[in-house]
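Participant: Take a look at this one; I'll ask things after.
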Amino acid sequence: MLSRIKDIAANLAPRLIEIRRHLHSHPELSGQEYQTAAYAAGVLSSCGLRVQELVGKTGVVAELEGTGEDQRLLAIRADMDALPIQERTELEFASHQPGIMHSCGHDVHTTVGLGTAMILSQLATSLPGTVRFLFQPAEETAQGAGWMIQDGVMEGVDAILGVHVFPTIPAGSVGIRYGALTAAADDLELIIIGESGHGARPHEAIDAIWIASQVITTLQQAISRTQNPLRPVVLTIGQIHGGRAPNVIADQVRMLGTVRSLHPETSAALPNWIETIVANVCQSYGATYKLNYRRGVPSVQNDSALTQIVELSAREAWGSDRVQILPEPSLGAEDFSLYLDHAPGTMFRLGVGFSDKPNYPLHHPQFHVDEAAIVTGVVTMAYAAYKYWLHGAYSCPI
Ligand code: NI
């Protein structure tokens, strides 16, 4: 089966590069992926899949039925949105949309999803179970997975696979991570309310700027002294506004920040932990506060049995020297985690780094990918899908 998958992928390679270049030059922002979705739906229909459009706002769902011997349903997820970044790559197929760019590689993810559908549709008579392809919008704003789930895409799904490109892994290699892959990411809005007064008479006022500085300092110190250092927490205040004049004590400071954590228990406890510190500092100096803690996406926790299936598929396909077991997670966020509330899943990292020129990080205006990675991605995904059924119940040790 592996050699059949590899042969089909090799034949499809020029077409896949064409698809990826088309997507790259026509990027769309989160929630506006109309052309991308229509294009993906066209490719999927031409492979004979049952396609549903406008799922989760601008998402596409396509099903490929296997022989039905295995009732389990496997989902494969690809995200389609681009970022509000002006491309500076000078590629001949660079973005045609001013200020919008596929600099997170979602054009590659969509291509890998489509390529996997093309391969598996040619092997449908050998597939024991059904695959549901999820082409989701708005991953960058962490909304798309929620929209898709609300529209029922996870109903009946037994396992889900995902992929994200990674420029520090060379093209042709795959990164595998057991356990936490990405962090939980929450948003924080904090308003410190004091009392205004003359800059020369601090005892008659409650200085919101000074109290805000105490709150920030205490939170950062408390992370180091009260959080388990083996369960990281990052709290970044990225915006702060307060005060009107150099000689007037500020009565209000507004701060916006992001909070990242990896361990689900830590993540669950963070809102109360932060509020206790804020309340205590404010109370000590007579200020009040308003705290608005918004849950974002949870941490992606890769299921170990499914991760093992992907790892073994990649080792068999590419050899062990092209499979990296990633020792560390990322503190970035990924809304793939929302699907994992409904079924176990795993996301692997697809190396897209060039070996002979500089690579740029994700979200960089010069981010580029070595397109040799596309075949690596589709073969790994298609073979892992096949192996999923081959290995019986997903929870059985392989
Ligand atoms: Ni991304």
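The values are calculated or read from the model by the stated rules, or taken from the named source; none is laboratory data. Remember, it's a predicted structure, so these values are computed and weren't measured experimentally. Please note: Cβ atoms are built from the backbone with ideal geometry, for glycine as well, and neighbour counts cover all protein chains shown.
Participant: All but one of (1) of a type in the set (Val, Ile, Thr); (2) assigned by TED's automatic domain parsing to the domain that holds MET148; (3) closer than 28 Å to GLY144 by Cα hold for VAL323; state the number of the condition that does not hold.
Facilitator: (3)
Participant: Right, another one. Which condition number in (1) assigned to a helix (DSSP H, G or I); (2) within 16 Å of the ligand (Cβ to nearest atom) is the one that ASN11 fails?
Facilitator: For ASN11, the exception is condition (2).
Participant: Out of (1) touching a Ser or Thr at 6+ places or on another chain (Cβ under 6 Å); (2) buried (at least 17 other Cβ atoms within 10 Å of the Cβ), the odd one out for GLN366 is which?
Facilitator: If we test GLN366 against (1) touching a Ser or Thr at 6+ places or on another chain (Cβ under 6 Å); (2) buried (at least 17 other Cβ atoms within 10 Å of the Cβ), just (2) comes out false.
Participant: Please tell me if VAL163 is away from the ligand (no atom under 15 Å from the Cβ), touching a strand residue (DSSP E or B) at 6+ places or on another chain (Cβ under 8 Å), hydrophobic (A, V, I, L, M, F, W, C) and under 26 Å from GLY42 (Cα atoms).
Facilitator: Criteria not met by VAL163.
Participant: Which one is nearest to GLN366 (Cα to Cα), of the residues in region 100-118 that are within 10 Å of the ligand (Cβ to nearest atom) and assigned to a loop (DSSP other than H, G, I, E, B)?
Facilitator: So, considering only residues that are within 10 Å of the ligand (Cβ to nearest atom) and assigned to a loop (DSSP other than H, G, I, E, B), the one nearest to GLN366 (Cα to Cα) is SER103.
Participant: Mind listing whichever residues of region 119-147 are under 16 Å from the mean Cα position of the chain (by Cα) and either crowded, with 24+ Cβ neighbours inside 10 Å or away from the ligand (no atom under 13 Å from the Cβ) (or both)?
Facilitator: LEU134, PHE135, GLN136, PRO137, ALA138, GLU139, GLN143, GLY144, ALA145, GLY146, TRP147
Participant: Something else now. Looking only at region 166-193, how many residues end up being assigned to a strand (DSSP E or B), within 16 Å of the ligand (Cβ to nearest atom) and among the aliphatic types (A, V, I, L, M)?
Facilitator: The total comes to 2.
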